[in-house]
Amino acid sequence: MLHQLLSGDKPRSRALSAILLLIFLGLALAPFLTTGAVLLNTAATICVYIVLVASYDLLLGYTGIVSFAHTMFYGIGAYGIGIALSRVDEPTWGAALGGLALAVLLALALALVVGLFALRVRAIFYAMITLAVASSFAVLASQLSEFTGGEDGLTFSVPEVLSPGFQLMENEVFGRSIDGKLLTYYLVFFGCLLLFLFLLRLVNSPFGRVLQAVRENEFRAEALGYRTMVYRIWANCFAALVAVLAGALMALWVRYVGPKNSLGFEVMTDILLIVVIGGMGTMYGAVVGATLFILAQNYLKNLMASGTSALEGVPVLAAALHPDRWMLWLGVLFILSIYFFPIGIVGKLRMRSWLAKRR
């Protein structure tokens, strides 16, 4: 059962299996581990970023396509939900699904157009084209303030069943009331889980094997009779589709969409960092990388504040660990991860397990 669920792609490492199981249980039980909003928000962000990074790894790690337009599709999904729900007096599932459907159609059309024209060029030229398209879309979203809210973004309501005031039952379950916030979290959790399993099945199918062949040697893949351009365009469309759905789930969770949190280049750099940390060409790398990165983003600053208080007697160390310098230390952690895990954390763990079996 588990073998089929994972599409035959087992972790192939006891350490990695333990880490993945711990992450899964942590995300699945997050609402019952604490009543704090910070932890729940962190868990929901991890769920969305796992899917978002995995969909980008479909391009970069499995097909060898370097694109800077992935956040554009993520933003389209978020804005599709946001615009649809902010335009109606009473937020309904019909409005949300209608906005999502339009977002999916727009994203697939853009992915197809970008693929048809831009994928005919190679390497850095394609990356620059996607960067230009994504930047133009971000500027457009900022300028069309009548529809998108401009730089301020859009705040909207969600269907009643997802609102914090909704109560599914009066009695609590394991000390937690079954309210709209909890239902929204599990909508995000199970939605991301299904999307991740879909991507896992995709990369382990014959289609995914061809993508890896294109990445390794496109000319040889063409010589074997595969239309590599078609496969690259399909990969672009699948990645865009999953990114749209991830953006929609994130918008439902935060009930806000804006150019900075949906279309900003900072989101794209975060995705790239997570792919490198977790390991390119491994779907599980998105799980490990996103979890570590989001936890560092949310808790490194608090950890440094505690360290500063403990080292008040050593002014130099206390100044070095000041919370305002958390980005510096995040960069140091990234450099160390690249140094010790040049093929990513998942790649390193799998290689270590493979070497151990060879002995």
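The values are calculated or read from the model by the stated rules, or taken from the named source; none is laboratory data. Just so you know, these numbers come straight off a predicted model, no measurement behind them. Quick reminder, even Gly has a Cβ in these numbers, built from the backbone with ideal geometry, and neighbours come from all protein chains shown. Ligands, DNA and RNA are stripped out before the accessible areas are found, and what is left, the full protein with its side chains, is counted by its heavy atoms. Shrake-Rupley method; radii C 1.70, N 1.55, O 1.52, S 1.80 Å.
List of remarks:
- For the set Ser306, Ser142, solvent exposure ranked by accessible area (probe 1.4 Å, protein chains only) runs largest to smallest as Ser306, Ser142.
- Whole-number accessible area per residue in Å² for the chain, which is evaluated in the context of all protein chains at 1.4 Å: 50 Å²
- Neighbour net charge for Ala43 - beta-carbon separation under 14 angstrom, K R +1, D E -1: +2
- For the chain, Cys with no neighbouring Cys Cβ under 4.7 Å: Cys237
- For Met128, solvent-accessible area (1.4 Å; no DNA, RNA or ligand), Å²: 90 Å²
- Scanning the chain for long hydrophobic helices, with DSSP H runs required to stretch 30 angstrom or more by C-alpha along their axis and to average at least 0.0 on the Kyte-Doolittle scale, returns 37-60, 93-118, 123-143, 180-203, 228-254, 283-310.
- Each of Ser145, Thr42, Val257 was placed along the dipole of the chain (beta-carbon charges, centred on the mean Cα), and the one lying farthest toward the positive end is Thr42.
- The distance from the alpha carbon centre of region 1-39 to that of region 59-102 is 26 Å, rounded to a whole number.
- In this structure the amide hydrogen of Arg176, modeled in the peptide plane, comes within under 5 Å of no amide hydrogen from residues 5 or more places off or on another chain.
- Heavy atoms of Glu222 accessible to a 1.4 Å probe, total area in Å² rounded to 10: 90 Å²
- Shown here is the pair-distance distribution of the chain: with all Cα-Cα distances grouped in 20 Å bins from zero up to the longest one, the shares run 27, 57, 15, 0 percent.
- With a Förster radius of 45 Å applied to the C-beta separation of Ser309 and Arg352, the computed FRET efficiency comes to 0.75.
- GNM on the chain, alpha-carbon springs under 10 angstrom: the most fluctuating residue among Ile233, Ile271, Ile19 is Ile19.
- Our helix-only sum for the chain, with -39,500 (n - 2.57) per DSSP H run of n ≥ 4 divided by its residues, gives a mean residue ellipticity at 222 nm of -24000 deg cm²/dmol.
- Largest to smallest accessible area among Ile76, Ile83 [probe 1.4 Å]: Ile83, Ile76
- Among Gly36, Gly225, Gly153, the residue with the largest mean-square fluctuation in a Gaussian network model of the chain, with springs joining Cα atoms closer than 10 Å, is Gly225.
- Computed over region 309-359, Kirkwood Rh from alpha-carbon pairs, angstrom: 13.5 Å
- Rounded percent of accessible protein surface that carbon and sulfur make up, the chain, 1.4 Å probe: 68 percent
- Net charge over other residues, Cβ less than 11 angstrom from the Cβ of Ala319 (K, R count +1; D, E count -1): -1
- These residues, Asp270, Asp324, go from largest to smallest accessible area, 1.4 Å probe, as Asp324, Asp270.
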